[in-house]
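I have placed the structure first, in the form of structure tokens, so that the comments after it can refer back to it.
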Amino acid sequence: MNTPKRKKSVFQRELYQRAVVDSFIKLNPRWMVRNPVMFVVEVGSVLTSGLWIQALFGKGEAPAGFIGAVAIWLWFTVLFANFSEAVAEGRGKAQAEALRRTRQTTQAKKLKNPDHESKYDLVASTALRKGDVYLVEANDIISVDGEIIQGIASVDESAVTGESAPVIREAGGDRSAVTGGTRLLSDWLIIRVTADPGEGFLDRMINLVEGAKRQKTPNEIALNILLAGFTIIFLIVCATLLPYSLYSVQIAGKGVPITITVLIALLVCLIPTTIGGLLSAIGIAGMDRMIQRNVIAMSGRAVEAAGDVDVLLLDKTGTITLGNRQAVELLPVAGISAPDLAEAAQLASLADETPEGRSIVVLAKEKYNLRGRTMGSSNEAPEGMHFIPFSAQTRMSGVDFDGTAIRKGAPDTMMALVQSNGHPVPSDLQTTVDTIARAGGTPLVVTKNNQALGVIHLKDIVKGGIKERFAHLRKMGIKTVMITGDNPLTAAAIAAEAGVDDFLAQATPEAKLKLIREYQTGGRLVAMTGDGTNDAPALAQADVAVAMNTGTQPAREAANMVDLDSNPTKLIEVVEIGKQLLMTRGALTTFSIANDVSKYFAIIPAAFATTYPILNVLNIMKLTTPQSAIMSAVIFNALIIIALIPLALRGVPYRPVGAARLLRDNILIYGVGGVIAPFIGIKLIDMLLAALHLV
Amino acid sequence: MNIFSWIQLIFYMAVLIALAKPLGSFMARVYQGQKTFLDPVFGPVERLLYRLAGVHADQEMNWKVYAIALMAFNVLGLLVVYALQRLQGFLPLNPQGFGAVSPDSSWNTAVSFATNTNWQGYGGETTMSYLTQMTALTVQNFVSAATGMAAAVGLIRGLARHTTDKIGNFWVDLTRTTLYILLPLAFVLSLALVSQGVVQTFSQYKTVSLLQPASFQQPETDANGNTVKDASGNPVMETVPVTEQTLAVGPAASQIAIKQLGTNGGGFFNVNSAHPFENATPFSNFLEVLAILLIPAALVYTFGKMVGDTRQGWAILAAMTIIFVALLAVTVWAEQTGNPAIAKLGVDIHQSNINPGGNMEGKEVRFGVANSALWATATTAASNGSVDSMHDSNMPLGGMIPLWLIHLGEIIYGGVGSGLYGMLAFVIVGVFVAGLMVGRTPEYLGKKIESYEMKMASLILLIPMLTALGGTAIGVLTPAGQAGVLNPGPHGYTEILYAFSSATGNNGSAFAGLSVNTPFYNTALGIVMFFARYWLAIPALAIGGSLARKKKIPAGAGTLPTHTPLFIGWLIAVVVIVGALGFLPALALGPIVEHLMIFAH
């Protein structure tokens, strides 16, 4: 998603132009009524406009110029709020456009039987239904979401993920899902359709970024209620001020009652327009930030929930450790030299195409400089060599050549082999095996002609930087739990090395589900990342479930977020975005209400200037005239919305420093700052108005 | 202010806070159904009452049933008080032979006492029979206080419990509050007051000879009752010597004890605790003003105890105390400064060893400036409404602070029970905004604060503003409302604002200077008192019911701590800013402008 700079500025201009148009379209009262605060401002704008027209005919309650100016700035207030929402939506729309371009109807090769050789019919991709099977060949666009049932191929998923490197997709396993709109680069795939037209992954994504299906999140609803409450309070305050003013004029015997224009101006200044105007932009921008980080959230609710996560469950393999174990050490038994063991280990692993096997070859090569007999690209065994592949019956693998049999396998199997052939098990073998197991490693015993040579130490390699990521999570108040199929001993060792807080060993899908439920019963909010089909039940149970885009279709269905980068520690960013979203709302609410203090000092002396001139003592900002005081407050109130749009879109930064400090800092910035800033702003605007002789 | 005034105020605060913990713990035991040292005395009575009333004490209620029970009991109580006033002429214990109270005044008084307001449009010693005072008013003094405390306990249980819909049994809470808390405290306080000279008798009013005979002039009348006129047509005046005075007495001490303890405030006599038979000595004054805030402050500790974290209680108590002390300081300062207009007349307003100085208008010499200011602040902080000086005669700011304390929602300690649930509504709003600022779904004591709670908390903030400001608007707009005003100018406006605010806050104190025993004020204030009481109590119970159903989230590093100085400061800011934003314009046209006018010259 890195657009060149020049292109970006053009894009930005288009975006803003469209947003300006949209802000006017959004003036439609039926749209405005969704936002009670801004709806009140719009009603106020209409009323003052009416009063202005009345004043033009010479029957106004105040000079037409003043009423007109108030009316214009009230309209600006509404428009600025609409603009913020339109800009936020515009960004989403731009992304949706890009996505939609990949969405053009394509021809799909629908198969009658799931067989590469069978005949296919060319149909429109929109005609494919759930359960249909179709064929994709090199350079075809994958028409709709589906599950690979046959084949292996490289796929360009850049349209969805923005990542240009092709990825491998294959039937079975955890990488069997494909997304509509991506392109096949090589080979062929037979795909079973998993989503009807319009319900695919890409469709959902487009809907989401466009904001068309955006529903208010629970928190947003609660905040809206509070803001509506404040709006009603200030309606009461302003509405009752008219009778009070009438009575005061009567008893003081001088002055004129407060005008409707000033009352409306006061009302608009007092109701929380800053947060009310920016609230929807904040929500849209939150979703947008997710997408910028290549995470697709299925709902705003999920994003919000992410901020509340207490416990994070992580799969060990591929998340905490590199996908595969690697050989790190060769430990010969007494009487055997290290190079001898290395050679035997290498020979036994030559045909072993598993990553573990390859790592043994590499270790022998690098550490003992054994160039050895490498396998050719032809997959043919070198002369005279007969490789024994791993099988579930023998539970070992190896090679036979020149009458020599080399085997490697799990310690208990290999020891049984040695003993059954009448050889003694070397006394130090068991010790070595135990040491490795205790350290969290996996021991493999190597034998030559049924005699033990030594042990290969296979080890889980913890990903670089992961420990720091977990420390970061801990600071955020999130507990990390590693889930692994390993035995508790191994699990504990890796957990300690990676720095997770807890682990679940020998995890079955049921055990995972049980663990999540236990945490949830304790009132905690559980997040989980997963990619396999066996993760699906747990993902469905978790409150925040992030599926890897490389994951299986069931996993992606069960999750409420999909990470297009398939980066399991992305959850940290997801949590941060969720927190930012809430923090931005809270901070701007505080700011908005704190602003009111200064507005009283501007407007109250001005409103009652004719009845009680003595109230000018409260005009501590020394604003020029009553009119300029009211205008300055109204203008400040409108401009602050524009000024805060960048903050609303970017979000208040989150730092993992603990709730107490975060609160202190935000109160200082948005609370205390919110009291002080408008004093300065209103004074400056007043000085400007006076300098320009506008009042 | 001299050193003795300071010592008195500091001593008062120290005793109040020191008593909060023991009394608070005791009340927590009462509400949690645990054994107390009073069980041998009241246990059998309690069980007998349940048996007579058919109450199953072990059956708890959900919030709706609890609220219905509360409303049913209160409406019934209201009707009884109304009936007793209307029928008192036919009933015993009426030595002065008072007739029926007027319908509008009866309605007003019935609502007033049922809602724990004790706004008194009538003069007690010239209107109410002993029977009415004792069975209608004093009974309501107990049960209206118990109602408020029961509602608060319902909310506390909602916070303390989880995954249940039960918040307690209203009848049990009502009974236990009355038997174990209010009766014993009132009994002890009554005796202490009697020891100071507060009257307690069933005898008729006493006629006594004056030590210093006085006289007054009145127009002379002839045998037919017509005024005798002189040659120029002016009435002929005659001098009447006065050698005797009728002293109103009655069973006062018992009612005064509970009117102070239960934040009722309805005096036995018209001038309330400024009357020497109601508040005889500086020591009785100390006891009475202590009794105003005693239960409200201790109940905050009870809250902390019942939710299992006393720090939470202390935090709220600290916020209340800081606001109270700050506002008390302003009142004392304003009153001690005195009125420059009076100083100009040659009156010495400087304090000395023989001169209290300051503004002594409307104050009793036996209490002086500091104690009168303390009482005025305490009685309005706590929705009590009893007075030992006339707020109408306070300096503009000295009158504004009590008025504003009512505007804050009667939550600075507040009414018994009602103060706590009102404050908890502010806590919920404060927690919501602060919780957002730390990036989590806001939670208080492990309970998520969601839209339902916000709705109810907003109602609790909003309704008082509607009734206080809306009522005043009607008052100043209508001729009937304006007719009651005795002082012209901003002061008269403040009197109307004070009346509706006092009714809204279920305070009951009057700014005086306003003739309120009229059909307009009796009816309007009655309506305001009714709505502002129950439309706050029911949402509070609704919050309790909703929170009780929720899961309890264990606290973690990301959880907003609600017991720290930072949160206390935040809570204070929320209370003060909401109070200021709601009422500053209204106050600007009354006491603020009046203050500026007095000191401008």
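The values are calculated or read from the model by the stated rules, or taken from the named source; none is laboratory data. Bear in mind that the values here come from a model prediction, so they are computed numbers and not experimental data. Note: ideal-geometry Cβ built from the backbone for every residue, glycine included; neighbour counts use all protein chains shown.
Taking A:Asn549 and the conditions (1) modelled with pLDDT of 90 or more; (2) over 23 Å from A:Gly65 (Cα atoms); (3) buried (at least 24 other Cβ atoms within 10 Å of the Cβ), which numbered condition does it fall short on, given that it satisfies the others?
(1) is the only condition that A:Asn549 fails.
Tell me, which residue of the stretch A:574-596 that is touching a Phe, Trp or Tyr at 6+ places or on another chain (Cβ under 9 Å), more than 7 Å from every other protein chain (Cβ to nearest Cβ) and among the hydrophobic types (A, V, I, L, M, F, W, C) is farthest from A:Val268 (Cα to Cα)?
Only one residue tops the list, namely A:Val575.
If you take the residues in the stretch A:526-543 that are touching a Gly at 6+ places or on another chain (Cβ under 8 Å) and at pLDDT 85 or above, which one is surrounded by the fewest Cβ atoms within 10 Å (Cβ to Cβ)?
A:Ala538
Picking from B:Gly475, B:Gly484, B:Gly419, B:Gly505, which residue would you name as being in contact with a strand residue (DSSP E or B) (Cβ under 6 Å, 6 or more places away or on another chain) and closer than 27 Å to B:Ser144 by Cβ?
Just one listed residue meets the conditions, B:Gly484.
Quick check on the stretch B:209-229: of everything there that is in a loop (DSSP other than H, G, I, E, B) and touching a Ser or Thr at 6+ places or on another chain (Cβ under 8 Å), which residue is nearest to B:Glu244 (Cα to Cα)?
That would be B:Glu220.
Within the stretch B:396-409, identify whether any single residue is part of a helix (DSSP H, G or I) and either in contact with a Lys or Arg (Cβ under 8 Å, 6 or more places away or on another chain) or facing chain A (nearest Cβ under 10 Å) (or both), and answer yes or no.
Scanning the stretch B:396-409 turns up no residue that is part of a helix (DSSP H, G or I) and either in contact with a Lys or Arg (Cβ under 8 Å, 6 or more places away or on another chain) or facing chain A (nearest Cβ under 10 Å) (or both).
For B:Ala280, only one of the following conditions fails: (1) crowded, with 23+ Cβ neighbours inside 10 Å; (2) in a loop (DSSP other than H, G, I, E, B). What is its number?
(1)
With B:Ser232, B:Ser254 as the choices, which residue is among the hydroxyl-bearing types (Ser, Thr, Tyr) and at pLDDT below 85?
Selected residue: B:Ser232, the only one of B:Ser232, B:Ser254 that is among the hydroxyl-bearing types (Ser, Thr, Tyr) and at pLDDT below 85.
Restricting attention to the stretch B:573-601, which residues are surrounded by 22 or more Cβ atoms within 10 Å (Cβ to Cβ) and within 7 Å of chain A (Cβ to nearest Cβ)?
Result: B:Gly582, B:Pro585, B:Ala586, B:Ala588, B:Leu589, B:Val593.
Give me the pairs, please: first residue somewhere in the stretch A:605-622 and more than 7 Å from chain B (Cβ to nearest Cβ), second residue anywhere and of a type in the set (S, T, N, Q), beta-carbon distance under 6 Å, and either six or more positions apart or on two chains.
Partner pairs satisfying both residue conditions: A:Pro605/A:Asn616; A:Pro605/A:Asn619; A:Thr611/A:Ser248.
Six or more apart or on different chains, Cβ atoms under 9 Å: show the pairs whose first residue is in the stretch A:383-408 and in a loop (DSSP other than H, G, I, E, B) and whose second is of a type in the set (Lys, Arg) and surrounded by 12 or more Cβ atoms within 10 Å (Cβ to Cβ).
A:Met385/A:Arg373; A:Thr394/A:Arg407
Scanning the stretch B:549-576 for residues that are at pLDDT 90 or above and touching an Asp or Glu at 6+ places or on another chain (Cβ under 8 Å), which turns out nearest to B:Ala468 (Cα to Cα)?
Checked the stretch B:549-576; the qualifying residue nearest to B:Ala468 (Cα to Cα) is B:His563.
If the requirement is being assigned to a loop (DSSP other than H, G, I, E, B) and either at pLDDT 95 or above or facing another protein chain (nearest Cβ under 8 Å) (or both), which of these qualifies: B:Thr467, B:Thr441?
Sole residue among the options that is assigned to a loop (DSSP other than H, G, I, E, B) and either at pLDDT 95 or above or facing another protein chain (nearest Cβ under 8 Å) (or both): B:Thr441.
Search the stretch B:61-109 for residues being surrounded by 20 or more Cβ atoms within 10 Å (Cβ to Cβ) and within 30 Å of B:Arg161 (Cα to Cα), and hand back the single one that is nearest to the chain's Cα centre (by Cα).
B:Asn74
What are the residues in the stretch A:352-368 that are in a helix (DSSP H, G or I), acidic (Asp, Glu) and free of Cβ contacts under 8 Å to residues at least 40 places away in the same chain, if any?
Of everything in the stretch A:352-368, just one residue is in a helix (DSSP H, G or I), acidic (Asp, Glu) and free of Cβ contacts under 8 Å to residues at least 40 places away in the same chain, namely A:Glu366.
Checking the conditions here, which among B:Ile474, B:Ile553, B:Ile543, B:Ile496 is at the interface with chain A (Cβ under 10 Å from one of its Cβ atoms), buried (at least 24 other Cβ atoms within 10 Å of the Cβ) and in contact (Cβ under 8 Å) with a residue 12 or more places away in the chain?
Going through B:Ile474, B:Ile553, B:Ile543, B:Ile496 in turn, just one is at the interface with chain A (Cβ under 10 Å from one of its Cβ atoms), buried (at least 24 other Cβ atoms within 10 Å of the Cβ) and in contact (Cβ under 8 Å) with a residue 12 or more places away in the chain: B:Ile496.
Filter the stretch A:649-669 down to residues that are assigned to a helix (DSSP H, G or I) and under 17 Å from the mean Cα position of the chain (by Cα) and give me whichever is nearest to A:Ser280 (Cα to Cα).
Going through the qualifying residues, I end up with A:Leu649.
Select from the stretch A:110-151 the residues that are buried (at least 19 other Cβ atoms within 10 Å of the Cβ) and free of Cβ contacts under 8 Å to residues at least 40 places away in the same chain and list them in ascending order.
Result: A:Lys110, A:Ser143.
In the stretch A:274-295, how many are among the β-branched types (Val, Ile, Thr), away from chain B (no Cβ under 14 Å), part of a helix (DSSP H, G or I) and buried (at least 24 other Cβ atoms within 10 Å of the Cβ)?
Selection size over the stretch A:274-295: 1.
Select from the stretch B:429-445 the residues that are touching a residue at least 60 places away in the same chain (Cβ under 8 Å) and either in contact with a Pro (Cβ under 7 Å, 6 or more places away or on another chain) or closer than 15 Å to A:Ile593 by Cβ (or both) and list them in ascending order.
Across the stretch B:429-445, the qualifying residues are B:Val429, B:Gly430, B:Val431, B:Val433, B:Ala434, B:Gly435.
What residue, among those in the stretch A:296-329 that are among the hydrophobic types (A, V, I, L, M, F, W, C) and outside any strand (DSSP E or B), is farthest from the other protein chains (Cβ to nearest Cβ)?
Among residues in the stretch A:296-329 that are among the hydrophobic types (A, V, I, L, M, F, W, C) and outside any strand (DSSP E or B), the one farthest from the other protein chains (Cβ to nearest Cβ) is A:Ile320.
Out of all the residues in the stretch B:556-572, which are crowded, with 20+ Cβ neighbours inside 10 Å and either of a type in the set (Lys, Arg) or more than 7 Å from chain A (Cβ to nearest Cβ) (or both)?
Selection gives B:Thr562, B:Phe567, B:Ile568, B:Leu571.
Determine if the stretch B:402-410 includes at least one residue that is closer than 30 Å to B:Leu23 by Cα and aromatic (Phe, Trp, Tyr).
The answer is yes, given that some residue of the stretch B:402-410 is closer than 30 Å to B:Leu23 by Cα and aromatic (Phe, Trp, Tyr).
Would you point out the residue of the stretch B:450-460, among those that are facing another protein chain (nearest Cβ under 7 Å) and either within 26 Å of the chain's Cα centre (by Cα) or crowded, with 24+ Cβ neighbours inside 10 Å (or both), that is farthest from A:Gly523 (Cα to Cα)?
Going through the qualifying residues, I end up with B:Ser458.
Does A:Ser377 qualify as being at pLDDT below 70, assigned to a loop (DSSP other than H, G, I, E, B) and not charged (D, E, K, R)?
Taking the combined requirement at face value, the residue satisfies it.
Out of everything in the stretch A:203-241 that is within 13 Å of another protein chain (Cβ to nearest Cβ) and not in a helix (DSSP H, G or I), what residue ends up being modelled with the lowest pLDDT?
Here the answer is A:Lys216.
Among the listed residues A:Gly671, A:Gly651, which satisfies the condition of being farther than 20 Å from A:Glu304 by Cα and either of a type in the set (Lys, Arg) or crowded, with 21+ Cβ neighbours inside 10 Å (or both)?
Answer to the selection: A:Gly671.
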